Amino acid sequence: MTITKEKIVGELVAEDYRTAQIFKNHKIDFCCNGNRSIETVCETGSIPLDTLLDEIATLQKANTDSANDYKTWPLDLLADYIIKKHHRYVATRSSEIVPYLEKLCKVHGERHNELFTINEEFKASVGELAAHMKKEELILFPFIKKMVEAKEEGKEIPLPNFGTVENPVEMMKEEHDVEGERFRKIAGLTNNYQVPADACNTYRVTFSLLKEFEEDLQLHIHLENNILFPKAIALEKELRS
């Protein structure tokens, strides 16, 4: 498959998640801002268009056996996967990172006062993500599952109290944007998670965990913004037509 400059970044990552690493290398946001074309992100980031297209083409020639084809998954399976894999990850990993950040602030905060801001931003993210995920688990995802069931059984779906699935989807995407921006700030404050020369082992572990957390969140948001949400909107339109 030949990729052109008009290809939308989020759609490409949805088709082949391996391309996410290429976009990460060039600091291109493929999850929250994945609705831009390759040409647009190259212009915005001063990236040579031919270079990016060549890297994508080279990747596509590689073996694809290890790539998860999330786009082909049933919507109810994908929703369950997001909860069990990514929602659980946020809950468990954040409880590990917060104490580490508190310790770093106490031990290294005097020399590295950016740690206090990093700590504040991360704790704010944890709180917002907890509320965000609860809304998905209690409201949005159950409705998506009901739509899948309705299609399988040939039933009509009742009109939910939020009107159309597009309404909670837009809310979730806006909240994704907030977290994407928050982690761009954290990445900047940590110099892309590079530890200073006087860093102790706890410092290194904490920054490694923060980097891992951001990477998991990027995949988490990508699965929703670029695959689950568009397909849920399309399914609702199909069922109501």
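The values are calculated or read from the model by the stated rules, or taken from the named source; none is laboratory data. Predicted model only: the values in this text are computed from it and were never measured. Please note: Cβ atoms are built from the backbone with ideal geometry, for glycine as well, and neighbour counts cover all protein chains shown. Keep in mind that these areas ignore ligands, DNA and RNA; they rest on the heavy atoms of the full protein, side chains included. Shrake-Rupley method; radii C 1.70, N 1.55, O 1.52, S 1.80 Å.
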- Kindly indicate the residue of region 9-62 that is in contact (Cβ under 8 Å) with a residue 40 or more places away in the chain and charged (D, E, K, R) and also surrounded by the most Cβ atoms within 10 Å (Cβ to Cβ) among those meeting that condition. ASP29
- Message: Just to be sure I understand the filter: pairs with C-beta atoms under 8 Å, separated by 6 or more residues or on different chains, first member in region 148-164 and of a type in the set (A, V, I, L, M), second member part of a loop (DSSP other than H, G, I, E, B) and loosely packed, with under 10 Cβ neighbours inside 10 Å. Which pairs pass?
- Response: ALA150/GLU156
- Task: Could you grab me the full set of residues in region 109-123 that are over 21 Å from the mean Cα position of the chain (by Cα) and open to solvent by less than 90 Å² (accessible area, probe 1.4 Å)?
- Result: GLY109, HIS112, GLU114, LEU115, THR117
- Task: Consider only pairs whose beta carbons are under 8 Å apart and that are at least six residues apart or on different chains; among these, list those whose first residue lies in region 187-198 and is over 13 Å from HIS112 (Cα atoms) and whose second residue is of a type in the set (S, T, N, Q) and assigned to a helix (DSSP H, G or I).
- Result: TYR193/SER208
- Query: Only one of these conditions is not met by ASN167: (1) of a type in the set (S, T, N, Q); (2) more than 24 Å from LEU77 (Cα to Cα); (3) not in a loop (DSSP other than H, G, I, E, B). Which number is it?
  - Reply: (2)
- Item | Residue tally, condition out of contact with any Cys (no Cβ under 8 Å at 6 or more places or on another chain) and assigned to a loop (DSSP other than H, G, I, E, B), over region 1-52 | 22
- Residues in region 170-190 that are among the aromatic types (Phe, Trp, Tyr) and part of a loop (DSSP other than H, G, I, E, B) total 0
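Output the residues belonging to region 157-166 that are closer than 14 Å to LYS237 by Cβ and of a type outside the set (Ser, Thr, Tyr). Outline the logic, then answer.
Going residue by residue through region 157-166, those that are closer than 14 Å to LYS237 by Cβ are 157, 159, 163-166.
Hits for region 157-166 are ILE157, LEU159, GLY163, VAL165, GLU166.
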